[in-house]
């Protein structure tokens with residue numbers, strides 16, 4: 001591996017823990033959220049978060065069209081998409 005090679009990893013366990021903690025704090029701070037069942041609220045937060053993560057990965061992924069070429073050029077120095085892998089260890 002050369003110095004120019006990189007591997008980026010999104011660790012989802014840490015993000016999930018942080019989201020859960022933030023959602024609980026938000027429920028305590030916002031009175032209107034108390035009426036929502038906790039499990040329903042957490043499922044909605046997780047579902048929305050998963051969608052955001054998928055869209056973020058699409059920016060760098062080979063799955064998309066040239067829609068993100070300019071963004072990749074700006075941050076990576078090249079419009080070429082990167083190989084991406086999505087897996088979860090249970």
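See the values below:
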{"read-out": "Sole exception among (1) surrounded by 12 or more Cβ atoms within 10 Å (Cβ to Cβ); (2) at pLDDT below 85; (3) in a helix (DSSP H, G or I); (4) over 17 Å from the mean Cα position of the chain (by Cα) for residue 79, by number", "value": "(3)"}
{"read-out": "Residue in region 9-16 that is in a helix (DSSP H, G or I), modelled with pLDDT of 80 or more and in contact with a helix residue (DSSP H, G or I) (Cβ under 9 Å, 6 or more places away or on another chain) present", "value": "yes"}
{"read-out": "Matching residues, region 11-46, being closer than 30 Å to residue 71 by Cα and surrounded by 10 or more Cβ atoms within 10 Å (Cβ to Cβ)", "value": "12, 15, 16, 17, 18, 19, 22, 44, 45, 46"}
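The values are calculated or read from the model by the stated rules, or taken from the named source; none is laboratory data. This is a predicted model, so every value here is computed, not measured. Cβ atoms come from the backbone with ideal geometry, glycine included; neighbour counts cover every protein chain shown.
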